[in-house]
Amino acid sequence: IIITLLLFLVIIGNPFLENYSKVKNILPRMDDSIYNSAIDIKKISSNDAKIFTWWDKGHLFHAISDRTVFQSASPQMPRTYWQAKALETNNENLSRGIIRMLSCNGESKAFNYIKINYTSQEKINLLEEFLKLNHTMAQEKANELKIKNKFLQFTHCNSTETYIVVTEDMYTRFHTVQKYADWNFKDNKEEKTYQAFKGYDCIKNKNTFTCQIEKYKINVNFETNKSNYKLNKYILVDNNTKEWTKNNDSDKIIIVYKRNEMYKSILVDEKIANSMYVKLMILKGYNLNNFELIGDYSKPENTRVVSYKVK
(Lines give C-alpha, C1' and ligand atoms only; values in the text may rest on other atoms or scores of the structure.)
Protein backbone atom coordinates (compact mmCIF):
# COMPACT_ATOMS: atom_id res chain seq x y z
CA ILE A 1 0.00 0.00 0.00
CA ILE A 2 2.81 2.41 0.91
CA ILE A 3 4.63 1.75 -2.38
CA THR A 4 1.39 2.26 -4.34
CA LEU A 5 0.75 5.52 -2.48
CA LEU A 6 4.27 6.77 -3.21
CA LEU A 7 3.91 5.95 -6.91
CA PHE A 8 0.57 7.79 -6.95
CA LEU A 9 2.15 10.88 -5.37
CA VAL A 10 4.97 10.84 -7.90
CA ILE A 11 2.50 10.59 -10.79
CA ILE A 12 0.33 13.52 -9.65
CA GLY A 13 3.17 15.42 -7.99
CA ASN A 14 5.36 16.11 -11.02
CA PRO A 15 2.65 17.89 -13.07
CA PHE A 16 1.62 19.86 -9.98
CA LEU A 17 5.17 21.01 -9.26
CA GLU A 18 5.72 21.86 -12.93
CA ASN A 19 2.53 23.95 -13.00
CA TYR A 20 3.44 25.63 -9.70
CA SER A 21 6.82 26.59 -11.11
CA LYS A 22 5.18 28.21 -14.16
CA VAL A 23 2.64 30.12 -12.07
CA LYS A 24 5.36 31.27 -9.66
CA ASN A 25 7.24 32.87 -12.55
CA ILE A 26 4.14 34.65 -13.85
CA LEU A 27 2.62 36.11 -10.69
CA PRO A 28 3.99 39.45 -9.46
CA ARG A 29 6.20 38.92 -6.44
CA MET A 30 6.24 40.81 -3.18
CA ASP A 31 9.59 41.89 -1.79
CA ASP A 32 11.03 44.48 0.60
CA SER A 33 11.37 47.18 -2.07
CA ILE A 34 7.70 47.02 -3.01
CA TYR A 35 6.59 46.83 0.63
CA ASN A 36 8.79 49.71 1.84
CA SER A 37 7.86 52.01 -1.04
CA ALA A 38 4.15 51.39 -0.46
CA ILE A 39 4.50 51.97 3.31
CA ASP A 40 6.38 55.25 2.74
CA ILE A 41 3.67 56.52 0.39
CA LYS A 42 1.06 55.62 3.02
CA LYS A 43 2.98 57.61 5.66
CA ILE A 44 3.23 60.82 3.65
CA SER A 45 0.00 60.78 1.64
CA SER A 46 -3.58 61.76 2.35
CA ASN A 47 -6.22 59.04 2.65
CA ASP A 48 -7.70 59.87 -0.74
CA ALA A 49 -4.34 59.82 -2.58
CA LYS A 50 -3.95 57.65 -5.67
CA ILE A 51 -1.05 55.58 -6.96
CA PHE A 52 -0.09 55.10 -10.60
CA THR A 53 1.76 51.83 -11.13
CA TRP A 54 1.68 49.19 -13.84
CA TRP A 55 -1.39 46.99 -13.51
CA ASP A 56 0.40 43.82 -12.36
CA LYS A 57 1.60 45.54 -9.17
CA GLY A 58 -1.59 47.46 -8.52
CA HIS A 59 -3.16 45.08 -6.00
CA LEU A 60 0.09 44.90 -4.00
CA PHE A 61 0.33 48.69 -3.61
CA HIS A 62 -3.38 48.96 -2.86
CA ALA A 63 -3.22 46.33 -0.12
CA ILE A 64 -0.10 47.70 1.59
CA SER A 65 -0.64 51.45 1.25
CA ASP A 66 -4.44 51.40 1.64
CA ARG A 67 -4.59 53.88 -1.24
CA THR A 68 -6.53 53.76 -4.50
CA VAL A 69 -4.54 52.53 -7.48
CA PHE A 70 -5.21 53.38 -11.10
CA GLN A 71 -5.42 49.77 -12.20
CA SER A 72 -4.84 46.27 -10.85
CA ALA A 73 -5.30 42.55 -11.59
CA SER A 74 -5.42 42.79 -15.40
CA PRO A 75 -5.06 45.32 -18.23
CA GLN A 76 -8.24 47.16 -19.16
CA MET A 77 -8.53 49.32 -22.24
CA PRO A 78 -8.56 52.26 -22.70
CA ARG A 79 -6.95 52.90 -19.28
CA THR A 80 -3.99 50.61 -20.02
CA TYR A 81 -3.39 52.51 -23.27
CA TRP A 82 -3.15 55.79 -21.38
CA GLN A 83 -0.93 54.36 -18.64
CA ALA A 84 1.41 52.90 -21.26
CA LYS A 85 1.43 56.21 -23.14
CA ALA A 86 2.38 58.08 -19.96
CA LEU A 87 5.43 55.82 -19.58
CA GLU A 88 6.39 55.53 -23.25
CA THR A 89 6.17 59.18 -24.25
CA ASN A 90 9.17 61.54 -24.10
CA ASN A 91 6.85 64.49 -23.38
CA GLU A 92 6.66 65.29 -19.66
CA ASN A 93 3.61 67.52 -20.09
CA LEU A 94 1.70 64.75 -21.86
CA SER A 95 2.65 62.24 -19.16
CA ARG A 96 1.57 64.64 -16.41
CA GLY A 97 -1.65 65.42 -18.28
CA ILE A 98 -2.49 61.74 -18.71
CA ILE A 99 -1.97 61.09 -15.00
CA ARG A 100 -4.22 64.03 -14.15
CA MET A 101 -6.96 62.75 -16.51
CA LEU A 102 -6.75 59.22 -15.07
CA SER A 103 -6.91 60.64 -11.55
CA CYS A 104 -10.13 62.38 -12.64
CA ASN A 105 -11.41 59.04 -14.10
CA GLY A 106 -11.99 61.04 -17.24
CA GLU A 107 -10.44 59.07 -20.10
CA SER A 108 -13.65 57.48 -21.45
CA LYS A 109 -15.83 60.50 -20.62
CA ALA A 110 -13.46 62.89 -22.39
CA PHE A 111 -13.30 60.64 -25.45
CA ASN A 112 -17.08 60.36 -25.69
CA TYR A 113 -17.58 64.09 -25.13
CA ILE A 114 -15.77 64.98 -28.34
CA LYS A 115 -18.71 65.26 -30.74
CA ILE A 116 -16.61 66.38 -33.71
CA ASN A 117 -16.88 64.05 -36.68
CA TYR A 118 -13.50 62.42 -36.05
CA THR A 119 -12.39 58.82 -36.23
CA SER A 120 -11.50 57.12 -32.95
CA GLN A 121 -7.78 57.60 -33.57
CA GLU A 122 -8.27 61.28 -34.43
CA LYS A 123 -10.13 61.75 -31.14
CA ILE A 124 -7.25 60.13 -29.26
CA ASN A 125 -4.74 62.39 -31.03
CA LEU A 126 -6.83 65.44 -30.14
CA LEU A 127 -7.07 64.33 -26.52
CA GLU A 128 -3.29 64.01 -26.34
CA GLU A 129 -2.91 67.56 -27.64
CA PHE A 130 -5.26 68.81 -24.93
CA LEU A 131 -3.41 66.92 -22.20
CA LYS A 132 -0.13 68.66 -23.03
CA LEU A 133 -1.68 72.07 -22.34
CA ASN A 134 -2.29 73.94 -19.10
CA HIS A 135 -5.86 74.80 -18.17
CA THR A 136 -5.88 78.26 -19.80
CA MET A 137 -4.47 77.04 -23.10
CA ALA A 138 -6.78 74.00 -23.08
CA GLN A 139 -9.76 76.32 -22.53
CA GLU A 140 -8.75 78.42 -25.53
CA LYS A 141 -8.39 75.33 -27.70
CA ALA A 142 -11.77 73.98 -26.56
CA ASN A 143 -13.41 77.31 -27.44
CA GLU A 144 -11.73 77.29 -30.83
CA LEU A 145 -13.07 73.78 -31.58
CA LYS A 146 -16.46 74.64 -30.03
CA ILE A 147 -16.16 71.90 -27.41
CA LYS A 148 -18.26 72.67 -24.33
CA ASN A 149 -16.58 73.70 -21.09
CA LYS A 150 -17.64 70.52 -19.29
CA PHE A 151 -15.02 68.67 -21.36
CA LEU A 152 -12.20 70.13 -19.24
CA GLN A 153 -13.70 68.57 -16.10
CA PHE A 154 -12.50 65.24 -17.46
CA THR A 155 -9.03 66.36 -18.59
CA HIS A 156 -8.09 69.29 -16.33
CA CYS A 157 -9.96 68.77 -13.07
CA ASN A 158 -8.40 69.47 -9.68
CA SER A 159 -7.01 65.95 -9.36
CA THR A 160 -6.29 64.35 -6.02
CA GLU A 161 -2.81 63.84 -4.60
CA THR A 162 -1.06 61.35 -6.87
CA TYR A 163 2.07 59.20 -6.76
CA ILE A 164 3.78 57.21 -9.50
CA VAL A 165 5.81 54.07 -8.88
CA VAL A 166 8.06 52.39 -11.46
CA THR A 167 9.74 49.02 -11.07
CA GLU A 168 12.91 47.59 -12.55
CA ASP A 169 11.30 44.34 -13.68
CA MET A 170 9.61 46.23 -16.53
CA TYR A 171 12.92 46.29 -18.43
CA THR A 172 12.28 42.89 -19.97
CA ARG A 173 8.59 43.67 -20.53
CA PHE A 174 8.93 47.14 -21.96
CA HIS A 175 7.86 45.82 -25.36
CA THR A 176 4.37 45.31 -23.88
CA VAL A 177 4.29 48.94 -22.72
CA GLN A 178 5.23 50.04 -26.24
CA LYS A 179 2.59 47.79 -27.77
CA TYR A 180 -0.20 49.17 -25.56
CA ALA A 181 1.02 52.75 -26.14
CA ASP A 182 0.92 52.18 -29.90
CA TRP A 183 -2.68 50.97 -29.87
CA ASN A 184 -4.43 52.75 -32.73
CA PHE A 185 -8.09 52.06 -31.85
CA LYS A 186 -8.78 50.78 -35.36
CA ASP A 187 -10.15 47.41 -36.45
CA ASN A 188 -7.07 46.60 -38.51
CA LYS A 189 -4.03 47.10 -36.35
CA GLU A 190 -0.64 47.05 -38.01
CA GLU A 191 1.73 44.66 -36.23
CA LYS A 192 5.11 46.10 -35.32
CA THR A 193 8.24 44.91 -33.58
CA TYR A 194 8.71 46.26 -30.06
CA GLN A 195 11.82 46.26 -27.92
CA ALA A 196 12.66 45.21 -24.39
CA PHE A 197 16.04 45.62 -22.73
CA LYS A 198 18.18 44.40 -19.83
CA GLY A 199 20.60 45.84 -17.33
CA TYR A 200 24.22 44.68 -17.71
CA ASP A 201 27.18 44.87 -15.33
CA CYS A 202 29.92 47.46 -15.80
CA ILE A 203 33.37 47.85 -14.27
CA LYS A 204 34.77 51.31 -13.56
CA ASN A 205 38.47 52.08 -13.98
CA LYS A 206 39.11 55.78 -13.33
CA ASN A 207 36.90 57.53 -15.94
CA THR A 208 36.42 54.50 -18.16
CA PHE A 209 33.51 52.09 -17.84
CA THR A 210 33.68 48.64 -19.40
CA CYS A 211 30.25 47.11 -19.90
CA GLN A 212 29.63 43.58 -21.18
CA ILE A 213 26.36 43.97 -23.10
CA GLU A 214 25.44 40.66 -24.67
CA LYS A 215 28.34 39.81 -27.02
CA TYR A 216 29.78 43.35 -27.00
CA LYS A 217 32.40 44.62 -24.57
CA ILE A 218 31.76 48.36 -24.70
CA ASN A 219 34.30 50.81 -23.28
CA VAL A 220 33.17 54.37 -22.57
CA ASN A 221 35.41 57.13 -21.25
CA PHE A 222 33.28 59.92 -19.77
CA GLU A 223 36.24 62.32 -19.64
CA THR A 224 37.57 62.03 -23.20
CA ASN A 225 34.11 61.27 -24.67
CA LYS A 226 35.42 58.22 -26.52
CA SER A 227 34.12 54.70 -26.98
CA ASN A 228 35.06 51.60 -28.93
CA TYR A 229 31.38 51.23 -29.95
CA LYS A 230 29.46 53.50 -32.29
CA LEU A 231 27.09 55.45 -30.07
CA ASN A 232 24.82 58.47 -30.45
CA LYS A 233 25.04 59.51 -26.81
CA TYR A 234 26.52 58.49 -23.44
CA ILE A 235 24.64 59.14 -20.20
CA LEU A 236 26.17 58.63 -16.76
CA VAL A 237 23.91 58.56 -13.70
CA ASP A 238 26.11 58.83 -10.62
CA ASN A 239 25.97 61.58 -7.99
CA ASN A 240 24.67 63.76 -10.81
CA THR A 241 23.38 62.90 -14.26
CA LYS A 242 25.63 63.87 -17.16
CA GLU A 243 25.30 63.33 -20.86
CA TRP A 244 27.56 63.61 -23.89
CA THR A 245 26.34 63.62 -27.50
CA LYS A 246 28.42 62.14 -30.31
CA ASN A 247 26.17 63.31 -33.17
CA ASN A 248 26.88 60.41 -35.48
CA ASP A 249 24.50 58.27 -37.49
CA SER A 250 24.01 55.69 -34.72
CA ASP A 251 20.70 55.67 -32.83
CA LYS A 252 22.12 53.73 -29.87
CA ILE A 253 22.47 55.35 -26.45
CA ILE A 254 24.27 53.81 -23.49
CA ILE A 255 23.17 54.73 -19.98
CA VAL A 256 25.48 53.80 -17.11
CA TYR A 257 23.94 53.97 -13.65
CA LYS A 258 24.44 52.81 -10.07
CA ARG A 259 22.51 50.03 -8.41
CA ASN A 260 23.59 49.07 -4.87
CA GLU A 261 27.00 50.70 -5.32
CA MET A 262 27.59 48.61 -8.46
CA TYR A 263 27.51 50.03 -11.98
CA LYS A 264 25.01 48.74 -14.52
CA SER A 265 24.14 49.81 -18.05
CA ILE A 266 21.47 49.61 -20.71
CA LEU A 267 21.99 49.99 -24.45
CA VAL A 268 18.82 51.27 -26.13
CA ASP A 269 17.64 53.40 -29.01
CA GLU A 270 16.78 57.07 -28.63
CA LYS A 271 13.04 56.56 -28.24
CA ILE A 272 13.45 54.27 -25.24
CA ALA A 273 16.25 56.36 -23.72
CA ASN A 274 14.03 59.46 -23.84
CA SER A 275 10.91 57.71 -22.51
CA MET A 276 9.37 58.83 -19.25
CA TYR A 277 9.88 55.34 -17.88
CA VAL A 278 13.67 55.54 -18.31
CA LYS A 279 13.74 59.12 -16.99
CA LEU A 280 11.86 58.05 -13.87
CA MET A 281 13.36 54.60 -13.38
CA ILE A 282 17.03 55.19 -14.24
CA LEU A 283 17.70 58.93 -14.59
CA LYS A 284 16.14 59.84 -11.20
CA GLY A 285 13.77 62.39 -12.74
CA TYR A 286 16.59 64.18 -14.60
CA ASN A 287 15.36 67.52 -16.05
CA LEU A 288 11.75 66.81 -15.03
CA ASN A 289 9.68 69.55 -13.40
CA ASN A 290 6.47 67.76 -12.43
CA PHE A 291 7.79 64.71 -10.60
CA GLU A 292 9.34 64.90 -7.13
CA LEU A 293 11.52 61.92 -6.13
CA ILE A 294 10.21 60.26 -2.96
CA GLY A 295 12.37 57.17 -2.67
CA ASP A 296 14.71 54.77 -4.47
CA TYR A 297 14.37 51.30 -2.97
CA SER A 298 16.95 48.77 -3.97
CA LYS A 299 18.65 45.69 -2.57
CA PRO A 300 20.73 43.16 -4.51
CA GLU A 301 18.12 40.42 -4.05
CA ASN A 302 15.06 42.62 -4.68
CA THR A 303 13.38 44.41 -7.53
CA ARG A 304 14.42 48.05 -7.63
CA VAL A 305 11.47 50.39 -7.04
CA VAL A 306 11.49 54.19 -7.53
CA SER A 307 8.59 56.39 -6.42
CA TYR A 308 7.64 60.02 -7.12
CA LYS A 309 5.00 62.49 -6.08
CA VAL A 310 3.31 64.03 -9.09
CA LYS A 311 3.27 67.80 -8.66
Most to least accessible of Asp31, Asp182 (protein chains only, probe 1.4 Å): Asp182, Asp31
In Å and on Cα atoms, what radius of gyration and Dmax does segment 187-241 show? 15.6, 55
Hz values of 3J(HN,Hα) by residue in segment 233-246 - Karplus curve (6.51, -1.76, 1.60), Gly and Pro given as x: 7, 10, 10, 10, 10, 10, 5, 10, 9, 10, 9, 10, 9, 8
Using +1 on the beta carbon of Lys and Arg, -1 on that of Asp and Glu, and nothing else charged, what's the dipole of the chain about the Cα centre, debye to 20? 260 debye
Going from the alpha-carbon gyration tensor of segment 94-224, what semi-axes, largest first and in whole Å, does one get by taking the root of 5 times each eigenvalue? 41, 19, 14
Taking protein heavy atoms only, a 1.4 Å probe, and rounding to whole percent, the accessible area of the chain owed to carbon and sulfur comes out at 49 percent
Would you be so kind as to identify all helices of the chain, as entire DSSP H runs, whose Cα atoms reach 20 Å or more along the helix's own axis and whose mean Kyte-Doolittle hydropathy is at least 1.0? 2-26
Backbone N under 15 Å from the Asn219 label point (7 Å along Cα→Cβ), restricted to segment 226-240: 226-230
Suppose we keep just the DSSP beta bridges with both residues in the chain; what percent of those would be antiparallel, to 5? 80 percent
Shape call for segment 229-272 from the C-alpha gyration tensor, a ≥ b ≥ c root eigenvalues: rounded (a/c under 1.5), prolate (a/b greater than b/c) or oblate? prolate
Cα pair count fraction exceeding 12 Å, expressed as % - segment 75-122: 65 percent
Roughly how many Å² is the accessible area per residue of the chain, as a whole number, for a 1.4 Å probe? 54 Å²
Scaled radius of gyration (Cα, divided by 2.2 N^0.38 Å) that segment 30-72 gives: 1.00
Cα extents of segment 215-311 along the three principal axes, largest first, in whole Å? 37, 30, 23
List the aspartates and glutamates whose alpha-carbon lies under 18 Å from that of Lys264, not counting same-chain residues fewer than 8 positions away? Glu168, Asp169, Asp201, Glu214, Asp238, Glu243, Asp296, Glu301
Prolate/oblate/rounded call for segment 147-227, Cα gyration tensor, a/c under 1.5 rounded: prolate
Distance check, please: which entries in Lys50/Lys85; Lys123/Lys192; Lys146/Lys311; Lys123/Lys309; Lys230/Lys299 exceed 24 angstrom between their Cα atoms? Lys146/Lys311; Lys123/Lys309; Lys230/Lys299
Where does each of Glu107, Glu223 land when they are ordered by accessible area, with a 1.4 Å probe and the largest first? Glu223, Glu107
1/(1 + (r/R0)^6) with r = Cβ-Cβ of Lys150 and Asn289, R0 = 35 Å, i.e. FRET efficiency to nearest 0.05, evaluates to 0.75
Rounded FRET efficiency, nearest 0.05, which uses the C-beta distance separating Asp251 from Arg79 and R0 of 35 Å: 0.65
Please compute, for the alpha-carbon atoms of segment 73-169, the extent along each of the three principal axes and give them in descending order in Å. 44, 26, 23
Cα extents of the chain along the principal axes, largest first, in whole Å, come to 76, 69, 46
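The values are calculated or read from the model by the stated rules, or taken from the named source; none is laboratory data. This structure is a prediction, so every number in the text was calculated from the model and none was measured. Every residue, glycine among them, receives a Cβ derived from its backbone with ideal geometry; neighbour counts consider all protein chains shown. Note: accessible area is taken over every heavy atom of the protein model, side chains too, but ligands, DNA and RNA are not part of it. Shrake-Rupley method; radii C 1.70, N 1.55, O 1.52, S 1.80 Å.
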